[in-house]
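This report refers to the structure that appears directly beneath it.
The values are calculated or read from the model by the stated rules, or taken from the named source; none is laboratory data. As the structure is a computational prediction, the values presented were derived from the model and not from experiment. As a convention, Cβ positions derive from the backbone with ideal geometry for all residues, glycine included, and neighbour counts pool all protein chains shown.
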């Protein structure tokens, strides 16, 4: 298994890919699905349980844009590099603004005990401001530890935009 988190945008039965991220669930996915988050049935994995997450697209996008603007003041990244990533993010997300919800699938990431792990993720994202504060602490540690900017910016998950994901739903 590839162990990816998959993020989609939905409007009724219409769905488009937004992003897939390897081996983790990036902060951008968590923020985007945080608006009026709820547990929903997976569109990828067969389960009687609600093992996916859905959130309001407009609220998630607004929250992500606020986060990215705030990130500029933290001085973790070269301003030009971050601005370029933000511009690409806004261009991609803005062209998908007609959708209503984000749909996040993390079954591959969790692999086992998906139901329990997805409920924990739901509770975590329900307190997105705490998730963001914890993220800043991690970034502070990475900066102090001399981690490269490329590694630090990759964990944001804002370089992974694509409407073509491994799973089409």
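Kindly provide the set of residues from region 159-169 that are touching a strand residue (DSSP E or B) at 6+ places or on another chain (Cβ under 7 Å) and either surrounded by fewer than 17 Cβ atoms within 10 Å (Cβ to Cβ) or under 18 Å from residue 86 (Cα atoms) (or both), ordered by number. Within region 159-169, 160, 161, 162, 163, 164, 166, 167, 169 meet the criteria. Given the condition under 14 Å from the mean Cα position of the chain (by Cα) and either within 18 Å of residue 26 (Cβ to Cβ) or not in a helix (DSSP H, G or I) (or both), answer yes or no: does some residue in region 134-142 qualify? Checking region 134-142: at least one residue is under 14 Å from the mean Cα position of the chain (by Cα) and either within 18 Å of residue 26 (Cβ to Cβ) or not in a helix (DSSP H, G or I) (or both). Identify the residue in region 111-121 that is at pLDDT 80 or above and surrounded by 19 or more Cβ atoms within 10 Å (Cβ to Cβ) and, among all such residues, is farthest from residue 167 (Cα to Cα). Taking the candidates together, the pick is 121.
What do you reckon, is residue 137 exposed (fewer than 15 other Cβ atoms within 10 Å of the Cβ) and at pLDDT 85 or above? For residue 137, the condition - exposed (fewer than 15 other Cβ atoms within 10 Å of the Cβ) and at pLDDT 85 or above - is met.
When residue 96 is tested against (1) under 21 Å from residue 43 (Cα atoms); (2) assigned to a loop (DSSP other than H, G, I, E, B); (3) without any contact (Cβ under 8 Å) to a residue 40 or more places away in the chain, just one condition goes unmet, and that condition is (3).
Of the set (1) touching a residue at least 12 places away in the same chain (Cβ under 8 Å); (2) part of a helix (DSSP H, G or I); (3) surrounded by fewer than 16 Cβ atoms within 10 Å (Cβ to Cβ), all apply to residue 74 but (2). Just so you know, in region 143-158 the residues that are surrounded by 12 or more Cβ atoms within 10 Å (Cβ to Cβ) and at pLDDT below 90 include one that is nearest to residue 86 (Cα to Cα), and it is 153. Can you confirm whether region 11-28 contains a residue that is under 20 Å from residue 123 (Cα atoms) and not in a loop (DSSP other than H, G, I, E, B)? Scanning region 11-28 turns up at least one residue that is under 20 Å from residue 123 (Cα atoms) and not in a loop (DSSP other than H, G, I, E, B). The set of residues from region 50-70 being in contact (Cβ under 8 Å) with a residue 60 or more places away in the chain and part of a helix (DSSP H, G or I) comprises 63, 67, 68.
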